[in-house]
């Protein structure tokens, strides 16, 4: 079990770290919650793996509002926590404001961008590559030639998922229709399963028979509605196939758990810099297990695996939306 459970609310939890042992690491979850079945939960799983293997302890806290980001960072740094790991791009600004005041503390941002900060470790993933593979899977499985994408907050990172997905779809079926929606423009878009359900129903009414959700906790509503309406969904970040066995075509794995585990294992040796996870090192991939085995034929898997090998070798290059804010396969 982790060192501190956030049962008393965010503000109270932050206060509890004052008497904790120095040098224990800390993990700050983004809005959407630790048990979002997706991004945050993957980070939690990585931390728990480290704790169970080493007997180590770590601080943790779930954000309840935007205002708590900088407060949490400063309180953990003052308490001696090191490294301090954050999940989500929204921590970029607060880390930029705080890191310089604690030069001996390593701040880790998973998905964020904090340039010119020597004590900040930036962890990124090639989400467009993994999304390309599940896009291929969607197109191979679709009977209507119409597939959907539902993102969380409309930001470049999520457009990166959508763009990779669309390229994978078009690689299989150039004439396929791709319906794309974002849940919102504020952080609440990560935890709105009701809105996710509404968007899924709208896409289904337009003919989508496979929908990829990259929306944190909102995606839970997308996957539930897809299962209820008799179409297939694609999960994200964690392996979400078990949520609806036989109804989730696959999940785009983004190994946040591996990243968090590796940083915690490095401990005091974790330093600022850049760390990227891609297809070659299994930082991203697609999920196969007993829950989707009957949905994916050997031929489908062979086709996707062939593309995976070509991406790893460089023969196929998947366009990264964040490289130039454009997507050749999808209009936003």
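Of all the residues in the stretch 233-246, those that are in contact with a helix residue (DSSP H, G or I) (Cβ under 6 Å, 6 or more places away or on another chain) and outside any strand (DSSP E or B) number 3. If you go through the stretch 297-318 and keep only what is assigned to a loop (DSSP other than H, G, I, E, B) and crowded, with 18+ Cβ neighbours inside 10 Å, you end up with just 318.
Is it true that residue 224 is crowded, with 24+ Cβ neighbours inside 10 Å and in the same structural domain as residue 132 (by TED's automatic domain parsing)? When the stated conditions are applied, residue 224 does not pass them.
Of everything in the stretch 280-296, what is modelled with pLDDT of 95 or more and loosely packed, with under 15 Cβ neighbours inside 10 Å? Give them in sequence order.
In the first step, residues of the stretch 280-296 are kept if they are modelled with pLDDT of 95 or more; the result is 284-296.
289, 290, 293, 294, listed by residue number.
Scanning the stretch 271-279 turns up one or more residues that are surrounded by fewer than 20 Cβ atoms within 10 Å (Cβ to Cβ), more than 16 Å from residue 134 (Cβ to Cβ) and in contact with a helix residue (DSSP H, G or I) (Cβ under 9 Å, 6 or more places away or on another chain).
Any chance you could count how many residues in the stretch 126-150 are within 16 Å of residue 320 (Cα to Cα) and touching a helix residue (DSSP H, G or I) at 6+ places or on another chain (Cβ under 8 Å)? I'd like the intermediate steps shown before the answer.
Looking only at the stretch 126-150, we keep the residues that are within 16 Å of residue 320 (Cα to Cα), and these are 126-135.
Among the residues that remain, those that are also touching a helix residue (DSSP H, G or I) at 6+ places or on another chain (Cβ under 8 Å) are: 127-135.
Counting residues in the stretch 126-150 that are within 16 Å of residue 320 (Cα to Cα) and touching a helix residue (DSSP H, G or I) at 6+ places or on another chain (Cβ under 8 Å) gives 9.
Kindly indicate the residue of the stretch 247-266 that is touching a helix residue (DSSP H, G or I) at 6+ places or on another chain (Cβ under 9 Å) and surrounded by fewer than 18 Cβ atoms within 10 Å (Cβ to Cβ) and also nearest to residue 281 (Cα to Cα) among those meeting that condition. My answer is 262. Inspect all residues belonging to the stretch 27-50 and state whether any of them is assigned to a loop (DSSP other than H, G, I, E, B), at pLDDT 95 or above and over 23 Å from residue 161 (Cβ atoms). Among the residues of the stretch 27-50, not one is assigned to a loop (DSSP other than H, G, I, E, B), at pLDDT 95 or above and over 23 Å from residue 161 (Cβ atoms), which makes the answer no.
Of all residues in the stretch 166-208, those satisfying the criterion of being in contact with a strand residue (DSSP E or B) (Cβ under 7 Å, 6 or more places away or on another chain), assigned to a helix (DSSP H, G or I) and without any contact (Cβ under 8 Å) to a residue 60 or more places away in the chain are 189, 195, 196, 199, 200, 203.
The values are calculated or read from the model by the stated rules, or taken from the named source; none is laboratory data. Keep in mind that this is a model prediction, so the values were computed, not measured. Virtual Cβ from ideal backbone geometry, glycine too; neighbours counted across all protein chains shown.
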